[in-house]
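Below you'll find the structure I mean.
Just so you know, all these numbers are worked out from the coordinates, no wet-lab data involved. All values derive from a computational prediction rather than experimental measurement. Cβ placement follows ideal geometry from the backbone for every residue including glycine, while neighbour counts extend to all protein chains displayed.
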Amino acid sequence: MEDVDSPVRLKFYGIRDLSNGWLAEEAVTLIQSYSSERKLLSLNDALELHNALEFEKNNIFPNFLTAQDRTELALSARESRRLVASFFSNIEVSNLEEHLNELDFQYAKDLVLLLERHEVAKRVGGQMLFKVLSDAALPLEVMLSDRQFVNRHDRRLREVMLSDAHNGELLVRMRLVKDSNPSCHLPASLSGEDLQQLLSAYIASDSPHINYVQAIAESNDNDSFGVTPKIRLEARKRHKDLIEELLAEKRTTTTNTYHGLRLDPEQRKPVIDRVERDENNVSYVRSLSEKYLLSSMDPERILLNFASVVGILERGLLTMPSFKGQLGALRALIISGKDAYPRGSEFNYVDALTLNGTQFYSDFLRQYSIEVEDSVAWFFREHLVDKFGVANFYFAASSPSSSFLERCRHISAEMESIARQFSLYCNEGVLDAELLQMTSAPRPWAAIPSLTERKYLHRGSNHNCDRAMHLLFSDQSGMAYINSELKAPNFVELITENEVSYDSVRPYQKESIDWLIDEGLVVVDSDLLEFAQPVQILVLSDINNREAAAYGHYGEDEASAALLLVQKGWLEFSSTLLTKPEASYFNYFLNKSEFSDGPDLRNKYAHGTNADPEDISTHKNSYFQLLRLLVALTLKINDDFCLAPQAQSSTMSETP
């Protein structure tokens, strides 16, 4: 292995790597030096030159290079490639081990690639090459990075993988976690039974990574990859044991988080949120006004209270889904299953408060002989007719005397019926009961249409928009810290909450600041950085926070700013009932079409795989999860009718 004190060598990390801008000049210099008179003296020289040539291959050049310079560089690159090929053609049995002993391991994957490209195995023998690479401690993951290498050493790699239970961790990293490594290739001789054996051995091993075990438990079944219901059950049980072991350790300090609701008979505001802390506990308490709830007991106000008091809906968008902007860099570092629903602390907070709020408010209403499902039935049978002139919608509420198990089965079917009714109405303009009976196939939640052509705004496929969103809102953009006095979670908060002069910006930040100025997002006024169009930043903030914006809820200024972003190609309109995160939220709770770790409520209650009928607590919790979804769907449909072009002026409002 190369000495740690050796000079830092050039490395190509990919066409999208941010370091390319300042490494390209070094790559050009290296190519030119070897094409003239410089010689390759070591394996690392050859691998470094190969990395330099990757810049030229992918047309990554310094800005000052002219067209003539690039033509000449292409000729130099041709000579440099000949040098690399010549070096590898001279690797023989006699010098193979010597070359590998000096390997700089940042070039390990490049080495495997070039060994195959120049057919070194044919000269030294496949068994010999594999042995020397293994003796040099080349990681197994690196050996699996090249398909040709894997095919050549198929049986050898299979034997190595099955020889150590901890190679199951590599298997998980390759396929079963988010941001898994698609560049790794499994030996073709590894059967599904082999992989199942490896995963099982890893789960039962002495020290499996708790997050990798969780990722196995959260995976979708895949017999060919060794993931079966039995393996997932093994992983789930082991994960539970590992959690208990972790909490039992005396050096482990935990903070308990509680979510609670209370009814205040004297409170004037409809809802107040408080955070209460002591040494090891944090409690999020939502206080509801009893006077206000008693003053709003009609069906319309009950549904609106779910939006504003329980907190389900805000400006046409559901609050409960998991949004990428909430996860942050720390959550992104946490290992999670590839098919798992991404959940962060903000999701857990809103989920707990809205679920507890749904049960709390439902129990409150039941004291006065009012069922939430009856308010939903009123909306579809009466409100749509009275306010919008839309007839034939129906919803059958559960019987108050039915069990929670029966209610879960009933409400699951009724939600699908509502979705089919609304889809048919959007497509046909009327709701024909006979035609509805002929369309029994469920509509995917993401595909339910809208009555409004410009329902939502969301990000388009635009590199400049991606860059702007990163610079403005990311906690990893490098734009939120000037000094110990001027710092914030992101650049938008830094500028809005502080006076930041252009001269105070650090040198490495100025290129990004200048780019934001060129894009018309930032201006310099009396040396202070300000946003050129604050309303435009608000629109982009909506997109960042909820991954969509409800265009119909915008005022004139917001709508104008949004249209400019659409014309710029940064944002696009869509016309569906639910945004993508909202549809994913429904999928997470109701089925396994998108995520592997959800409650799967619709399928469990439709197919009879639900919990024991005597497990009342589980069915009660499932019912309130389903009731929350039912109310959310109803509120979204109401919002769609309110925004539709033919909507009357007198409609339900989101605020009491």
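Using the alpha carbon gyration tensor of region 456-574, what are the three equivalent-ellipsoid semi-axes (square root of 5 times each eigenvalue), largest first, in whole Å?
26, 14, 13
Next question. Each label point is 7 Å from the Cα along the Cα-to-Cβ direction; what then is the distance between the points at residue 568 and residue 71, in nm?
The modelled label-to-label distance comes out at 3.9 nm.
Would any residue of region 201-218 have its amide N under 16 Å from a label point 7 Å out along Cα→Cβ of residue 236? List them or say none.
213-218
Follow-up question, since we're still on this one. Within region 336-355, list the residues whose amide N lies under 19 Å from a label point set 7 Å along Cα→Cβ of residue 262.
Only 353-354 fall inside the zone, counting backbone N under 19 Å.
While we're looking at this one, here's another question. What Kirkwood hydrodynamic radius, in Å, does region 522-622 give when the mean of 1/r is taken over all pairs of distinct Cα atoms and then inverted?
17.2 Å
Ranked highest first by average number of other Cβ atoms within 10 Å, how do 466-477, 632-643, 220-231 line up?
Per-residue mean Cβ counts within 10 Å order the peptides as 632-643, 466-477, 220-231.
State, to one decimal in nm, how far the label point of residue 530 lies from the label point of residue 193, with both points 7 Å from Cα in the Cβ direction.
Spacing of the two 7 Å Cα→Cβ label points: 7.5 nm.
Tell me the net charge near residue 197. Cut-off is 14 Å between Cβ atoms, residue 197 excluded, with +1 for each Lys or Arg and -1 for each Asp or Glu.
Net charge around residue 197: -4.
Explain nothing, just the number: dipole magnitude of region 458-523 about its Cα centre with +1 on each Lys and Arg Cβ and -1 on each Asp and Glu Cβ, in debye rounded to the nearest 20.
Using Cβ point charges on Lys, Arg, Asp and Glu, region 458-523 gives about 180 debye.
Right, next: If you put +1 on each Lys and Arg Cβ and -1 on each Asp and Glu Cβ, how big is the dipole of region 145-253 around its Cα centre, in Debye rounded to 20?
Once rounded to the nearest 20, the dipole reads 140 debye.
Then there is this: Multiply the residue separation of residue 131 and residue 41 by 0.36 nm, subtract the distance between their alpha-carbon atoms, and state the gained length in nm to one decimal.
Net length gain for the segment: 30.0 nm.
Please state the charge dipole magnitude for the chain, taken about the Cα centre, from unit charges on C-beta atoms (+1 on K and R, -1 on D and E), reported in debye and rounded to the nearest 20.
Approximately 1360 debye in magnitude.
How far, in nm, would the chain grow between residue 363 and residue 315 when pulled straight, counting 0.36 nm per residue and subtracting the alpha carbon separation?
The span from residue 363 to residue 315 would gain 14.6 nm if fully extended.
Sticking with this structure for a sec: I'd like to know which of 142, 321, 396 lies farthest towards the positive end of the charge dipole of the chain, counting +1 on Cβ of Lys and Arg and -1 on Cβ of Asp and Glu.
396
At q = 0.08 Å⁻¹, what is the log10 ratio I(q)/I(0) for the chain, with the Debye formula run over Cα points and no solvent?
Summing over Cα pairs of the chain leads to -0.82.
OK, next. What is the antiparallel percent of DSSP beta bridges lying wholly in the chain, to the nearest 5?
For the chain, the DSSP antiparallel bridge percentage is about 75.
Extent of region 319-441 along each principal axis, from alpha carbon coordinates, in Å, largest to smallest?
Answer, in whole Å and largest first: 52, 40, 29 Å.
Once the piece of chain linking residue 453 and residue 433 is laid out straight, how much longer is it, given 0.36 nm per residue of separation minus the C-alpha distance between them?
4.7 nm
Putting +1 on Lys and Arg Cβ atoms and -1 on Asp and Glu Cβ atoms, find which of 576, 12, 282 reaches farthest to the positive end of the dipole of the chain.
Positive-end residue among those listed: 576.
Under a crude label model (7 Å from the Cα following the beta-carbon direction), how far is residue 396 from residue 493 in nanometres?
5.1 nm
Going toward the positive end of the dipole of the chain, with +1 on Lys and Arg Cβ and -1 on Asp and Glu Cβ, which of 205, 516, 498 do you reach last?
Projecting each Cα onto the dipole axis, the largest value belongs to 205.
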